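One structure is given below, encoded as structure tokens.
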Number of protein chains: 2
Amino acid sequence: MADVGRLAEVSAQTVSRFFTGGYVGQETRARIEAAVAELGYRQNQVARNLRVQRTDTVGFLMMGPINYGNAEILTGVGRGARGSGMSVITTQLDLDTEEDAHSDVRAALDRFLSFQVDGIVVGTPYLGLGAVMEHVGGEVPVVTLSEQESSAVDFTHADSYNAGLTATRHLIELGHRRILHLAGPSDRNESGQREQGYRDAIAEAGLSPLDVLRCPEWDARSGAGHGARVDPSSFTGVFSANDEIAFGFSHALAARGFTAPRDYSIVGIDDMPDSLFRTPPLTTVRMDFQLLGETAIRMLLERIRTGERQPGVIIPAELVVRESTGEPRR
Amino acid sequence: MADVGRLAEVSAQTVSRFFTGGYVGQETRARIEAAVAELGYRQNQVARNLRVQRTDTVGFLMMGPINYGNAEILTGVGRGARGSGMSVITTQLDLDTEEDAHSDVRAALDRFLSFQVDGIVVGTPYLGLGAVMEHVGGEVPVVTLSEQESSAVDFTHADSYNAGLTATRHLIELGHRRILHLAGPSDRNESGQREQGYRDAIAEAGLSPLDVLRCPEWDARSGAGHGARVDPSSFTGVFSANDEIAFGFSHALAARGFTAPRDYSIVGIDDMPDSLFRTPPLTTVRMDFQLLGETAIRMLLERIRTGERQPGVIIPAELVVRESTGEPRR
DNA sequence: TAATCAAGGCCGACATCAGTT
DNA sequence: AAACTGATGTCGGCCTTGATT
């Protein structure tokens, strides 16, 4: 900056003003611009951050594999941040054991704080991380993508409960009475909400829930495992906690000669791009994960700006009926 | 740090030594540890970065949607960085037009430099970005995930050419003579390499290439578009530039009554997790994108450490034969 | 008076060097 | 001499204050 000042024949201080926006004369401005261009000068954000005690950077913590949902959320977070002139430091953790989870998450958040991020978005929160986030929320604004009753941490999340409700009701309306639920990982918040939606829909129709089949991961492999073992005569409808699990389940059943919608109906959640190109195209509940990510950033920036607690935002879920569901034939 | 020093009854300087590793007495160390714990003190990386002129941070630039490949690369980059105590600033750009591309990329890289990152990984490089990267490579180490003949920029990439060669040869060995190629976006490096592999395999077998069908994106929709229009009698084998495109193509053909491997054979590239759970499971060429990301980081760190140009690393591709390919029946 | 610019201090660490046991 | 500790200056910006036109 001193170099630029020398070349433009002004003080370094005036060059600083040139960047931050203050009184700089027309002519002086032009000379500085020329000098900046000639020297290829670029502000040193590190020095600036130190002085202004602000980094215009947010930390984004993601857990588990970068699957469709996480990728879309990241896209939304990135877009929202860039649109507001913020940068994003991303950390993705593969969490193997529950013990790892806490210390790894802790370490990742500490690193963010050490970087003096202006705020943190915690994607994919696991059950039992409330205390950790609570603590961090005391130091810097935090938005989490799940329900979190706390004044220190804001939240937004997709409407998993209604998604489960809607998906199950759809099957019930088609006439299904024995409806199976393929549930997501037990340590994930969304799993519980989707399952609760299923249970409530079943209950309100006066039906009985079948034993829930739990998937260790949100992936096709987990669904295929169940599809290979399940008794196909025990159900006519299937509500899968997400599309991937549904794909695996259907694939395994197809290998046993059972296909949708002829032998059973199946509905998923997410509406992955691929769901449209499956045979049959999958009925599912669409979630706008990009919007979710953008919303998280928007709320975070607002919290940073005003310091006020943000009302929780719930991103709606929308049923998309395709060809994997129909009336039961048995 | 001064606060910690006060509580531990030592100078701030000694606290600094405590963290950076230097002579600190046994007893003093214990007092500092206690003080740090009590105050919940955490180093200010921004100040540290300014002083040591190093940030232990790398920038990762990604272009286009965060699809399977990008997500895996990001996973690898993140893991490699975390394993070496580095942080990652991620920027993902949706590039709509070619003009946007250059200025957006430029802006994103400038931002990295302004942050004083220690190095940059440019994922998904587009054709024609060489000059920009070259320029940036003069200021800070850069690794790009494509071929780049330059002393300023190191590179690593998956073996797209051999993947194309292998996939096409596989079809030829099965007896196919009219082999169609569904090519990826024309502005992407990998597309060209995969297509060249196809052409060379066709040529070495003394066959004639069919007109290449170009996809505007790496997605199923693009493949489906071609699948809906193509003349099914014009080919017996299909080499698709990636799995997603293959899925869309097969889906559209299935709607017209043509299925693999009965009516035609199809092979993709990537080996997405889903490819195993398709009907039929897709024959494909596996690429280890996580390894690619880890390799990029490893090379970058080595370049940062030594300042020496790194030899380009090519990640091998491996044919995975499943049930979408077989001998031609016509 | 308003617009414009310069000088000095400070953000929070670490390197250096001097000083003590 | 070796182990340890403290004082000072510096990284590169921005803020405050005060001066000048």
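Structure above, values below:
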| read-out | value |
| --- | --- |
| Top-ranked residue of the stretch A:151-198 - restricted to ones that are more than 17 Å from A:R286 (Cα to Cα) and polar (S, T, N, Q), ranked as least open to solvent (accessible area, probe 1.4 Å) | A:N189 |
| Residues located in the stretch A:67-84, provided they are of a type in the set (D, E) and not in a helix (DSSP H, G or I) | none |
| Of the criteria (1) open to solvent by less than 20 Å² (accessible area, probe 1.4 Å); (2) farther than 30 Å from B:F155 by Cα; (3) free of Cβ contacts under 8 Å to residues at least 60 places away in the same chain, which one B:I202 fails | (2) |
| Unmet requirement for B:F18, which otherwise passes all of (1) more than 14 Å from chain A (Cβ to nearest Cβ); (2) open to solvent by 50 Å² or more (accessible area, probe 1.4 Å) | (2) |
| Selected residue [closer than 30 Å to B:Y41 by Cα and either among the charged types (D, E, K, R) or outside the structural domain of A:G138 (by TED's automatic domain parsing) (or both)] from A:R42, A:R51, A:R31 | A:R51 |
| Those residues of the stretch B:43-66 which are open to solvent by less than 60 Å² (accessible area, probe 1.4 Å), part of a loop (DSSP other than H, G, I, E, B) and within 9 Å of chain A (Cβ to nearest Cβ), in sequence order | B:Q43, B:N44, B:T55, B:I66 |
| Selection within the stretch B:69-86 - in contact with a strand residue (DSSP E or B) (Cβ under 7 Å, 6 or more places away or on another chain), at the interface with chain A (Cβ under 10 Å from one of its Cβ atoms) and under 10 Å from B:L292 (Cβ atoms) | B:V77 |
| Filter result for B:A131 (more than 10 Å from chain A (Cβ to nearest Cβ), open to solvent by 10 Å² or more (accessible area, probe 1.4 Å) and free of Cβ contacts under 8 Å to residues at least 40 places away in the same chain) | yes |
| Residue list for the stretch A:241-289, restricted to those being surrounded by fewer than 24 Cβ atoms within 10 Å (Cβ to Cβ), facing chain B (nearest Cβ under 10 Å) and of a type in the set (K, R) | none |
| Qualifying residue in the stretch A:294-316 (condition: within 27 Å of B:D243 (Cβ to Cβ) and either in contact (Cβ under 8 Å) with a residue 24 or more places away in the chain or assigned to a loop (DSSP other than H, G, I, E, B) (or both)) | no |
| Breaking point among (1) out of contact with any Leu (no Cβ under 9 Å at 6 or more places or on another chain); (2) surrounded by fewer than 23 Cβ atoms within 10 Å (Cβ to Cβ); (3) not assigned by TED's automatic domain parsing to the domain that holds A:R278, for A:E217 | (3) |
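The values are calculated or read from the model by the stated rules, or taken from the named source; none is laboratory data. It should be emphasised that the depicted structure is a prediction, and the values quoted were computed from it without experimental measurement. Because the Cβ atoms are built from the backbone with ideal geometry, glycine has one as well, and the counts that use them run over all protein chains shown. Only protein heavy atoms, including side chains, enter the accessible area calculation; ligands, DNA and RNA are left aside. Shrake-Rupley method; radii C 1.70, N 1.55, O 1.52, S 1.80 Å.
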